[in-house]
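The values are calculated or read from the model by the stated rules, or taken from the named source; none is laboratory data. Keep in mind the model is a prediction, meaning the values are calculated, not measured. Positions of Cβ are backbone-derived with ideal geometry, glycine not excepted, and every protein chain shown enters the neighbour counts.
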Amino acid sequence: MPLSGEKFRRLTRLWAREHQAQDAPPLPAAWERGVMARVRGLAPSPPEPGWLSFLTAPRPVWRVAWGASLVATGLLVYAVASGDWASLDPGRWLLADPSGLVTLALASL
Amino acid sequence: MTDQEAIDRVLAGETDAFQHLLEAHQGRVARIVGRRVPPDAVEEVAQDAFVRAFQGLAGFRGEAPFEHWLSRLAVLACHDYWRASHRRHEIPESGLSEAAQHWLAGWAAQEAATAEPTRALEVRELLHWALARLTPAERSVVTLVYLEEMSVKEAAATLGWSQVNVKVRSHRARKKLKKLLDEVVDHP
């Protein structure tokens, strides 16, 4: 006959009581000296890196990604600066087919 | 000296100020660790928790009291202790004593719903026996959620897991515990 759900719940409550009643003996003085000896040989780590730290991260993958994004940005700036945008007349496009504007307005609601 | 003053001094390079934190909080850490690992491992794991605290002190932002932050490190040090033991297959899978098996089978068969099991020795033995059969992750989540009665949110924050992960793992671990006990009751 398996343990009933109610008895299992009561047993886990007893386990909790038993667990919480456990007390550890105080740590010896030699333990404290041991911890201090260990930490004297260490230095506290620097704080967690900020969200821009990837720019200076030592992992090569981030340097490559950063370099690639710089090149891509440069190409985009060149394309925008050298294009004959005035002749395209985007205002006329919008008036000819305003459905894009309507979609945009609906999407922003 | 307050905890914050000690932390500031340690971060300024005065390592000896860490002694204040050690003296003020070693009782709490010993209690947390003592409830989770075998007695012969308490000193090592408690030391590991304090060394982690020292190394990560710059990351302590003071949003919660220092003892809460340190307690979390102590819990994680215990979790890592069991993970390492599990990897090295060092967890002893000792059998349950006959006395504990008979006691559990007898108690399970008792009609009276109010009958409280008062055999603390058997209850404790069963607890250690059952925990030894869980994975390190299950053991940690069972300890926090069922033995220390933490909320799912608190357990998730302590272990650095998502709340969904805590819920799923604790549910699975509970089912596993029930199955283990059922096997003892069925085949004492």
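Of the conditions (1) within 11 Å of chain A (Cβ to nearest Cβ); (2) at negative phi, B:VAL75 satisfies every one except a single condition; which number is it?
(1)
Within the stretch B:77-128, which residues are modelled with pLDDT under 80 and of a type in the set (Val, Ile, Thr)?
B:ILE91, B:THR114, B:THR118 - these are the residues of the stretch B:77-128 that are modelled with pLDDT under 80 and of a type in the set (Val, Ile, Thr).
Select the helices (runs of 4 or more DSSP H) contained entirely in the stretch A:1-105, then report the ones holding at least 1 residues which are under 30 Å from B:ALA130 (Cα atoms) and at pLDDT 75 or above.
A:5-21
Specify which of the listed residues (B:PHE60, B:PHE66, B:PHE54) is among the aromatic types (Phe, Trp, Tyr), over 21 Å from A:GLY34 (Cβ atoms) and within 12 Å of chain A (Cβ to nearest Cβ).
B:PHE60
Yes/no per residue for (1) outside any helix (DSSP H, G or I); (2) on the phi > 0 side of the Ramachandran plot; (3) surrounded by fewer than 18 Cβ atoms within 10 Å (Cβ to Cβ):
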| residue | (1), (2), (3) |
| --- | --- |
| B:GLY13 | yes, yes, yes |
| B:HIS20 | no, no, yes |
| B:GLN26 | no, no, no |
| B:ALA49 | no, no, no |
| B:GLU63 | yes, no, yes |
| B:TRP69 | no, no, no |
| B:HIS89 | yes, yes, yes |
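Looking at the stretch B:125-150 only, could you name the residues that are in a helix (DSSP H, G or I) and under 15 Å from B:ALA84 (Cα atoms)?
Residues satisfying the conditions are B:PRO136, B:ALA137, B:GLU138, B:ARG139, B:SER140.
Only one residue in A:GLY5, A:GLY41 is exposed (fewer than 14 other Cβ atoms within 10 Å of the Cβ), more than 7 Å from chain B (Cβ to nearest Cβ) and in contact with a Lys or Arg (Cβ under 9 Å, 6 or more places away or on another chain), so which one is that? Steps first, please.
Details: A:GLY41 fails: in contact with a Lys or Arg (Cβ under 9 Å, 6 or more places away or on another chain).
Every option except A:GLY5 fails the conditions.
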